[in-house]
Amino acid sequence: MKSIRITIVGGGFGGVYVLKKLHKIFHQDRRVEITLISEKNYFLFTPLLHEVATGSINPINIIEPIRKILGCCLHTFHVGKVTKVNLDRHTLDTTAGSWTYDYLILAPGAETNFYDILGSKENSFTLKSLEDAIKLKNHCINIIDQASFIIDETERKKMLQFVVIGGGPTGVELASELEEFLKETFSHYYPKKIINDISIVIVQRSKEILSQFPKPLQEKSLKIIEKKGVKVLLNSVVKKVTADTVELEDGRILETKTVVWVAGVKPSEILFEEMVALEPNGKMKVNEYLQLEKYPFVYAIGDIAGAKNKDGTFIPMLAQVAIGEAETVAGNIKNQIDEQALKSFTYHSNGVLVSLGKWMAVGQIFNFNLSGHFAWWVWRTIYLSKLISWHKKVKVAVDWTINLFSSRDISQF
C-alpha cells in the first residue's frame, strides 16, 4: 500500500489547526503520513503575548508542545527551518533534513515589517515570539530600576517614555497593559515621583487607531486609552529610530530608551527553485481553493496566503482566518485523495475584539458593538476557549483571577 505523504510547514495557528483537522479526517487511515516542520517545538498562542510582556500571564502558560497536541498522528515532526522548496520535484530542504511530499501545506506565518525605516530594526523591540515578550518585560523592569537612581527629572522622564509604534490591535492592547503594569504595579515598589515620570505613547501613521474596527469603536477606544493616560499621536509617520530617539517626518523627536515596533507584518519568506507568483504585498498568489498557481498539490494558508474576498480585497491576517483556511485545506486534500470536487474558501468574520486593560474592552460580534466590562468578559472567554489544552486554559484562568486581586508579576526571566 503506497503512503500518502502530507507535509505541513509552520507550527502556528494555520499549521497546528490544519494538523488537527487532518488528524480528525485521517486518524484511521493507515495510508496517510503527516509531517510537520516548525522552527519551535511548541505552539504559541500569540494573541496573549502582550500579557506575558506585562506580567499578567506566566510565559509557559501560552505555549503547548506540538508532540503533546497530536503526537499520535504525526508520522514525523522536525524542529527546523525550510531552506528551499522544489515544487516540480515535490522536495523540501530544511535544517533538519530533506524529503519528498505528495501534498504540501505552507503556513510559516509572518514576521515584523519595518518598512525599511532607518534604524527601526536595530533599535526596536518586537512582539512576535515568546522571547520577544520576555525580553520586553525584562527591559521594562531594568529601565525603571535604572531611572530610580537618576536625580535629574528631565533625564528621568526621557528614560521613562515608552513608545509603541503602531495603533492596531497589538499596539493598543500592549500600550493599555503597559500603562497598568508600569504605573500601577510598580507603584508598590517605587516612589511616586518615579511613577509620575512614566509615559506611554502610541505613534500611528493613519488618522485613526484600530483601522479594521467600526468608527464608533475607534473613537471610543481612543477616548478610553487617552483617559487611562496613554498619549496617541495620529497622522504621525516615523522617519528614523535611534538608540535614544524616534524621529517623525514632521520634525518632532521623541526621546526614549524603549521603542516597541508593532506597526505591521509581512509574510515569512520561503525560497523556491521555481518562479512562484506573488501578490504586490508579498503574499503568495492562491486560487479560491488556496492552491498555488500551477501547483494543485501545494496549498498556502495563514499570513503567507494572498486569499481575497469576492470584492478583490485581501482577507485580513488574523488567527481566525488561518483556522478557517486550515479547515478548508484539510477538507480539500481529502477530496483530492477521493477524487471529489474541491470547496472554495470563503471568509466570514466571527467579530473583532480588543482588550484595553483590566475590566475594559471593545469589539463587534455579529454586527453588535460591545464595550466595557461585558466586552472584556467576552474577550477573555473567547481567548480562553481558543487555548488548545484544558490544563493551559485552567492555568491562564488562574493567572487572570489572581491578577484581579493582586499586582502583576515583576520577576525577570
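Backbone amide hydrogens, once placed in the peptide plane, bring LYS240 within less than 5 Å of GLU247, excluding anything fewer than 5 places away on its chain.
Placing a label point 7 Å from the Cα of ASN369 along the Cα-to-Cβ direction, the residues of region 200-231 whose backbone N falls under 16 Å of that point are 208-225.
The HN-Hα couplings worked out from phi for region 169-181 by the Karplus form 6.51 cos²θ - 1.76 cosθ + 1.60 (θ = phi - 60°) are x, 5, x, 5, 5, 5, 4, 5, 6, 4, 4, 6, 4 Hz, whole numbers, x standing for Gly and Pro. Residues whose amide H comes within less than 5 Å of that of LYS343, counting only those at least five positions distant or on another chain, are absent (H built at 1.01 Å from N in the peptide plane). Distance between the modelled labels on TRP99 and ASP116, one decimal in nanometres: 4.0 nm (7 Å Cα→Cβ projection).
Mean sequence separation of contacting Cα pairs (under 8 Å, at least six apart), scaled by the length of region 119-269, corresponds to a relative contact order of 32 percent. Comparing ILE151, ILE117, ILE62 in a Gaussian network model of the chain, where Cα atoms under 10 Å apart are tied by springs, the biggest mean-square fluctuation is seen for ILE151. Local charge for ASP116 was computed over the other residues whose Cβ lies under 13 Å away, with Lys and Arg +1 and Asp and Glu -1, and equals +3. In nm, to one decimal, how far is the modelled label at ILE388 from the one at LYS40, with both set 7 Å along Cα→Cβ? In this crude label model, ILE388 to LYS40 measures out at 1.1 nm. A cut-off under 12 angstrom between Cβ atoms defines the neighbours of ALA147, and their net charge, with Lys, Arg +1 and Asp, Glu -1, is 0. Between GLU226 and ASN142, the simple spin-label model (points 7 angstrom out along Cα→Cβ) gives 3.5 nm.
Along its three principal directions, the equivalent ellipsoid of region 119-194 from the Cα gyration tensor extends over semi-axes of 23, 15, 12 Å, largest first. Under the criterion of Cα pairs below 8 Å and six or more residues apart, the relative contact order for the chain equals 19 percent. Close amide H partners of VAL362, meaning residues 5 or more places away or on another chain with modelled amide H under 5 Å apart, are VAL354, LEU356. Bridgeable aspartates and glutamates around LYS183 (alpha carbons under 12 Å apart, same-chain partners fewer than 8 residues away excluded): ASP197. Between region 175-248 and region 325-350, the C-alpha centres lie 41 angstrom from each other. Comparing LYS227, LYS20, LYS392 in a Gaussian network model of the chain, where Cα atoms under 10 Å apart are tied by springs, the biggest mean-square fluctuation is seen for LYS227. Give the calculated FRET efficiency between LYS285 and ASN86 to the nearest 0.05, with a Förster radius of 25 Å applied to their Cβ-Cβ distance. With a Förster radius of 25 Å, E is 0.85. Annotation note: GluC sites (Glu not before Pro) in region 65-168 located in DSSP loop regions with a Cβ neighbour count of at most 15 within 10 Å are GLU122. Cross-link check: pairs LYS121/LYS257; LYS220/LYS257; LYS20/LYS135; LYS283/LYS310; LYS128/LYS393 evaluated at a Cα-Cα cut-off of 25 Å; pairs beyond the cut-off: LYS220/LYS257; LYS20/LYS135.
The slack between SER187 and ALA341, meaning 0.36 nm per residue of separation minus the straight C-alpha distance, is 49.3 nm. Springs between Cα atoms under 10 Å define the GNM used for the chain, and in it the highest mean-square fluctuation of GLY167, GLY282, GLY306 occurs at GLY282.
The phi torsions of region 140-155, fed into the Karplus equation with coefficients 6.51, -1.76 and 1.60 and a -60° offset, translate into couplings of 4, 5, 5, 4, 5, 5, 5, 5, 5, 9, 8, 7, 5, 5, 5, 5 Hz, rounded to whole numbers, with Gly and Pro shown as x.
Farthest toward the positive end of the dipole of the chain, out of SER389, PRO316, GLN340, is the Cα of SER389, where the dipole comes from beta carbon charges about the Cα centre.
For region 177-208, which trypsin sites (Lys or Arg not before Pro) are in a loop by DSSP, counting at most 13 other Cβ atoms within 10 Å? Filter output for region 177-208: LYS207. Within region 245-279, the GluC sites (Glu not before Pro) that combine a DSSP coil assignment with at most 15 other C-beta atoms in a 10 angstrom radius are GLU249, GLU269, GLU273, GLU274.
Where a number appears in this text, it was derived from the coordinates with a stated rule and is not lab data. In this text the structure is predicted, and so the values were computed from the model without any measurement. Neighbour counts are summed over all protein chains in view; Cβ atoms, including those assigned to glycine, are modelled from backbone coordinates with ideal geometry.
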